[in-house]
Amino acid sequence: MNLNNIKEKKLLILIISYLIITILLSFNYYHLYINTINPLFFLIIIFYSIYELKKSYIRFKDSNNYNFKMFIIVIIYLVFLFNLGFIIGYARSPYSHTIRGIIKNIYQLVIPIIGIELIRGILIVKNRNNKGLIFLITLILILLEVNYWALFSNINNPERFFQYFCSTILPLIFSSSVYSYLCYHTSYKLPLIFRIFEIAFQLLLPIYPNINWFVTGSIGIIVPIIIFFLFKYRYFKIKNNDRKMKSNKFGMAFSIIFAIFLVAFMLGFFKYEMVAILSNSMYPSYERGDIVIYEKINDLELQNIPNNSIIVYTIGNQIIAHRIVDVVEENGTIKYRTKGDYNNAPDSRLVSLEQIKGVYVLHIKYLGFPAVWLNEFFNKEEAVVETK
């Protein structure tokens with residue numbers, strides 16, 4: 001990368017310097033940094049950026065149409081996100097909704113987002129021919145948005161660190177990469193529209209879907225990918241004057257449908273779900289590292305599961321898939337005695353109907369090993385099921 005060809009070199013050096021300051025302040029002066037220094041810095045950047053963009057910004061052809069499309073995309077996304085709450089429940093918003101609280105949240109959270117996207121717009125617009133620099137800019141902006149206090153607070157707890165990385169860092173990498181792509185090919189206004197509406201949704205609503213870290217991370221990765229394919233398709237449609245559009249349409253449609261299907265499957269929208277097998281207690285029916293697909297069943301079916309069926313059920317935080325060896329009626333309530341095919345004795349505890357998640361349908365070899373390795377890494381031991 002030739003440094004002499006970089007435009008807005010002073011701004012780039014300023015941002016790199018501020019990144020170093022950010023990391024240092026996050027350890028000892030986190031509250032001062034997050035409440036005062038960070039928003040004040042980006043407020044100054046906003047005024048500077050508005051001036052610079054007026055001088056250098058080149059209006060993209062059909063930009064109003066692109067802006068409108070992004071507006072529609074973000075509205076559909078937020079409606080989908082809000083309606084998840086009807087399925088998985090809602091939680092109270094952690095943000096204050098008093099006038100003072102809203103102003104404080106805008107200052108602390110919205111101002112930095114606007115500043116970052118305006119920086120992205122200036123540096124990418126003025127260095128469109130330098131793809132190596134665009135990659136560096138994207139990396140710096142990713143690092144600027146990392147909450148280092150939260151990152152290093154969780155570093156001594158591998159499980160919490162992994163959850164934070166998957167729910168926050170990975171989505172940040174995907175989304176920031178897509179924002180830079182949009183700036184490069186279209187306009188800095190597109191990521192700005194998406195991000196302002198998204199943060200307003202989080203700050204202003206009194207309730208929010210009660211989604212866990214896994215779903216948060218999954219949505220945070222899949223949504224930017226969908227946006228990428230939507231605008232990539234539109235960009236190449238203009239660039240190629242509608243040539244080769246049949247293959248592009250098919251690829252885009254397949255990618256979006258697959259992403260939507262994946263999110264819906266992970267959220268449990270379908271009749272079937274899956275679980276990774278952590279032990280060899282059911283060998284040779286299936287073994288450690290396999291994925292079991294099970295069918296969710298209704299209350300009536302729960303009381304009439306045939307003997308010898310394999311059921312998926314929970315004990316505390318552990319999910320087990322064992323075979324029914326006996327049906328027991330206890331105080332007028334049906335319970336099931338289970339046993340792993342490889343175990344010498346039945347499981348020590350009867351399984352109540354409330355514990356059952358579903359009935360085994362099929363299994364897929366080896367696909368569950370990533371989950372197995374993560375479980376063993378966090379728990380430092382292989383999963384076992386207590387037997388008599």
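We did not get these values from a lab; they are worked out from the coordinates using the rules stated. What you are looking at is a predicted structure, and each value in this text was computed from that prediction instead of being measured. Note that we place each Cβ from the backbone using ideal geometry, even for glycine, and neighbour counts take in every protein chain shown.
For the residue pairs LYS296/LYS339; LYS7/LYS104; LYS9/LYS232, alpha carbon separations beyond 26 Å are given by LYS7/LYS104; LYS9/LYS232. Calculated FRET efficiency, ILE23 to ARG92, Cβ-Cβ distance, R0 = 45 Å: about 0.90 to the nearest 0.05.
When the charge dipole of the range 1-159 is built from unit charges on Cβ atoms (+1 for Lys and Arg, -1 for Asp and Glu) and taken about the Cα centre, the candidate among PHE27, PRO94, ASN38 whose Cα reaches farthest toward its positive end is ASN38.
By per-residue mean of other Cβ atoms within 10 Å, what is the highest-first order of 7-17, 335-345, 120-130? Present the calculation step by step, with values, prior to reporting the outcome.
Values: 7-17: 14.7, 335-345: 17.3, 120-130: 20.5.
Top of the packing list down: 120-130, 335-345, 7-17.
Cα gyration tensor of the range 99-216, axes a ≥ b ≥ c as square roots of the eigenvalues: rounded (a/c below 1.5), prolate (a/b > b/c) or oblate?
Numbers: a/c = 2.01, a/b = 1.28, b/c = 1.57.
Oblate.
Of the residues PHE228, PHE270, the one with the fewest other Cβ atoms within 10 Å heads the list, and the complete ranking is PHE270, PHE228.
Take every pair of alpha-carbon atoms less than 8 Å apart whose residues are at least six positions apart; their mean separation over the length of the range 3-212 yields a relative contact order of 37 percent. For the range 294-307, 3J(HN,Hα) computed residue by residue from phi via the Karplus equation (6.51, -1.76, 1.60; θ = phi - 60°) reads 10, 9, 6, 10, 7, 4, 5, 5, 4, 7, 10, 6, x, 4 Hz, glycine and proline entered as x.
Backbone amide hydrogens, once placed in the peptide plane, bring ASN280 within less than 5 Å of ARG288, excluding anything fewer than 5 places away on its chain. Listed peptides 216-226, 321-331 appear in the order 216-226, 321-331 once ranked by packing, highest mean of other Cβ atoms within 10 Å at the front. Between the amide H of VAL312 and those of LYS357, GLY358, VAL359, TYR360, distances stay under 5 Å, these residues lying 5 or more places away or on another chain, with hydrogens modeled in the peptide plane.
Packing here is the average count of other Cβ atoms within 10 Å per residue, and on that basis the peptides 90-98, 167-175, 34-42, highest first, run 167-175, 34-42, 90-98. Three semi-axes describe the equivalent ellipsoid of the range 272-379; taken as square roots of 5 times the Cα gyration tensor eigenvalues and ordered largest first, they are 24, 14, 13 Å. Cα centroid separation, the range 141-201 to the range 286-335: 40 Å. Classification of the range 3-212 by its C-alpha gyration tensor yields an oblate form. The axis ratio a/c (a ≥ b ≥ c) is 1.5 or more, and b/c is at least a/b. Taking the number of Cβ atoms within 10 Å of each Cβ as an exposure proxy, the fewest-first ranking of TRP149, TRP373 is TRP373, TRP149.
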